[in-house]
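Notes for the one structure printed next.
The values are calculated or read from the model by the stated rules, or taken from the named source; none is laboratory data. Keep in mind that what you see is a predicted model, and the values were worked out from it rather than measured. FYI the Cβ positions are ideal-geometry reconstructions off the backbone, even for glycines, and counts take in every protein chain you see.
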Amino acid sequence: MSSFAEWQKPEAILKALHTKRVAVVGLSSNELRASNFVSYYLSRNGYEVVPVNPREETVFGLKSYDSVADIPGEIDIVDVFRDPSAVPEIAQDAVAKGAKYLWLQFGVISPEGVAIAEAGGVECIVDQCIKIEHARYMGRMHWLGFNTDRISAQR
């Protein structure tokens, strides 16, 4: 895969969402940060979240690792909340770790990082939010009442 549209394939997103262990690179203990909110959501929906942030000792009571390479065991998804300039190194760590997916959040677009990941056999999802995609594909958006093709004031 090498085009932007291919990095957002619904089939790849859906497959990724059926994994369980997610390393969140850039996870902050600050509740106002997107990384915190998204990770909390993932943990509440059955994912094992592994914090990766050298500036944090723990997040959600979980040990925070300095890099993906430092995480013990296997990782399914490396979810990145960092500046795009940091992605090539993170991609190298994801490949070395044997991660299945490199997920780059909104605005984290690094063709170089994607090329490294794909060359190492890691599938990439770019410029998408894992929380939003989980809600969309796993039924957490609660579309009740929309597109019912029925107009009624009855409750």
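Taking into account only those residues within region 102-155 that are hydroxyl-bearing (Ser, Thr, Tyr) and in contact with a helix residue (DSSP H, G or I) (Cβ under 6 Å, 6 or more places away or on another chain), which is modelled with the highest pLDDT? This residue is Ser110. Annotation note: Cβ proximity below 8 Å between a residue of region 127-148 that is closer than 24 Å to Pro111 by Cα and a residue that is surrounded by fewer than 12 Cβ atoms within 10 Å (Cβ to Cβ) and modelled with pLDDT of 90 or more (sequence gap 6+ or interchain) occurs for Asp127/Gly107.
Residue-level check: of (1) farther than 21 Å from Gly120 by Cβ; (2) assigned to a strand (DSSP E or B), Leu32 misses just (2).
Can you find a residue that is over 12 Å from the mean Cα position of the chain (by Cα), among the aromatic types (Phe, Trp, Tyr) and assigned to a loop (DSSP other than H, G, I, E, B) anywhere in region 65-74? Within region 65-74, none of the residues are over 12 Å from the mean Cα position of the chain (by Cα), among the aromatic types (Phe, Trp, Tyr) and assigned to a loop (DSSP other than H, G, I, E, B).
Taking the criterion of being charged (D, E, K, R), under 19 Å from Leu104 (Cβ atoms) and in contact with a Lys or Arg (Cβ under 7 Å, 6 or more places away or on another chain), the only residue of region 49-79 that qualifies is Asp76. Apart from one condition, Ala99 fits all of (1) in a loop (DSSP other than H, G, I, E, B); (2) more than 18 Å from Lys20 (Cβ to Cβ); (3) in contact with a strand residue (DSSP E or B) (Cβ under 8 Å, 6 or more places away or on another chain); the exception is (2). Do we have any residue at all in region 29-49 that's within 19 Å of Lys9 (Cα to Cα) and touching a helix residue (DSSP H, G or I) at 6+ places or on another chain (Cβ under 7 Å)? No, there is no match, as no residue in region 29-49 is within 19 Å of Lys9 (Cα to Cα) and touching a helix residue (DSSP H, G or I) at 6+ places or on another chain (Cβ under 7 Å).
The set of residues in region 102-135 that are farther than 14 Å from Ala12 by Cα, crowded, with 21+ Cβ neighbours inside 10 Å and touching a strand residue (DSSP E or B) at 6+ places or on another chain (Cβ under 8 Å) comprises Gln105, Val108, Ser110, Gly113, Val114, Ala117.
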